[in-house]
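Visitor: The structure's right below; bear with me while I get my questions together.
Nothing in this text is a laboratory measurement; each read-out follows from the coordinates by a stated rule. Because the structure is a prediction, the values reported are computed rather than measured. Glycine gets a Cβ as well: all are built from the backbone with ideal geometry, and neighbour counts include every protein chain shown.
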Ligand code: 13P
């Protein structure tokens, strides 16, 4: 059983989400399916599809215009929240410390954070991939956290149609699994994300320590997302 999560980023409409939920509820699968649409589309019944947000405030309430708290997300019925996505790090300067604060807020509200780590192209070219991944895992996961998901998203491969080699994915996921074991969190699922599609999903999920995928572009339409869900059991 794998976890197949869709990150809609700033795309879609409530109608599109309704269409997706209806289509997914007809799919025979034992996999856990999660969709993370924009905030305004949360608050609906996903049926067998769990819903998640794409970001969360580190604060619980108050004068933080434009922010949405973990309590509010949980009250919408969502179960998950993505934190530390590459695009939050790139466009909103989120650091590992900020990501950990957000993950802490999510856990306190009963949400499962999907904590993203991964290297940029410059970091990859500088030979820093493993160091960035390990420090991401150690610095972003709150102490005493239990229910979290880690997503390895090589930042240079997101939306680029590029995928790391099987060996690169394997090395990254083995390092994350070893680090999580060292932290006493060896049952934490580890997802792979970046340019996952129907044609590469089963191969990627056959790699050791890949417990599922976090899908961007190919999660927006049922015709693209369903083949990913049904590519594994
Ligand atoms: P793509 O699947 O479009 O590369 O996006 C991956 C991603 O960022 C998922 O969070």
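Visitor: Gain in length, residue 167 to residue 91, computed as 0.36 nm per residue apart minus the alpha-carbon separation, to one decimal in nm?
Guide: Working: separation 76, 0.36 × 76 = 27.36 nm, distance 2.98 nm.
Length gained between residue 167 and residue 91: 24.4 nm.
Visitor: Here's a follow-up. Can you give me the distance in nm between label points at residue 65 and residue 44, each placed 7 Å from the Cα along the Cα-to-Cβ direction?
Guide: Placing both labels 7 Å along Cα→Cβ, they lie 3.0 nm apart.
Visitor: In percent, how large is the relative contact order of the range 46-157, given Cα pairs closer than 8 Å and 6 or more residues apart?
Guide: Working: 185 pairs, mean separation 29.0, N = 112.
Relative contact order here is 26 percent.
Visitor: Same structure, new question: Measuring from label point to label point, each 7 Å out along Cα→Cβ, what is the residue 183 to residue 26 span in nm?
Guide: In this crude spin-label approximation the distance works out to 4.1 nm.
Visitor: If each residue of separation counts as 0.36 nm, what is the full-extension length gain between residue 147 and residue 199 once their alpha-carbon separation is subtracted? Please report the intermediate quantities before stating the final value.
Guide: On the way: separation 52, 0.36 × 52 = 18.72 nm, distance 3.03 nm.
That works out to 15.7 nm of additional length.
Visitor: Under the Kirkwood approximation applied to all pairs of distinct alpha-carbon atoms, what is the hydrodynamic radius of the chain in Å? Provide the component values of the computation, followed by the final result.
Guide: On the way: mean 1/r = 0.0571 Å⁻¹.
The answer is 17.5 Å.
Visitor: Let me ask you something else. At a threshold of 8 angstrom on Cα-Cα distance, excluding pairs fewer than six apart, so keeping six or more, what relative contact order does the chain reach in percent?
Guide: Working: 471 pairs, mean separation 48.9, N = 233.
That works out to 21 percent.
Visitor: Taking all pairs of distinct Cα atoms, average 1/r, flip it, and tell me the Kirkwood hydrodynamic radius of the range 144-233 in Å to one decimal place. Mind dumping the intermediate values first?
Guide: On the way: mean 1/r = 0.0743 Å⁻¹.
After inverting the mean inverse Cα-Cα distance, the result is 13.5 Å.
Visitor: Between 198, 118, 212, find the one with the highest GNM mean-square fluctuation for the chain; connect C-alpha pairs within less than 10 Å.
Guide: Highest fluctuation among the options: 198.
Visitor: Here is a follow-up. Go ahead and run the numbers for FRET between residue 208 and residue 15, Cβ-Cβ distance against an R0 of 45 Å, rounding to 0.05.
Guide: Values: r = 40 Å, r/R0 = 0.88.
Efficiency, rounded to the nearest 0.05: 0.70.
Visitor: Under 8 Å for C-alpha pairs, at least 6 residues apart: give me the relative contact order for the range 84-150, rounded to a whole percent. Mind dumping the intermediate values first?
Guide: Values: 70 pairs, mean separation 26.2, N = 67.
Value for the range 84-150: 39 percent.
Visitor: Further question on the same structure: In what sequence do 80, 91 fall when counting other Cβ within 10 Å, fewest first?
Guide: Numbers: 80 24, 91 9.
Arranged by neighbour count, lowest to highest, 80, 91 become 91, 80.
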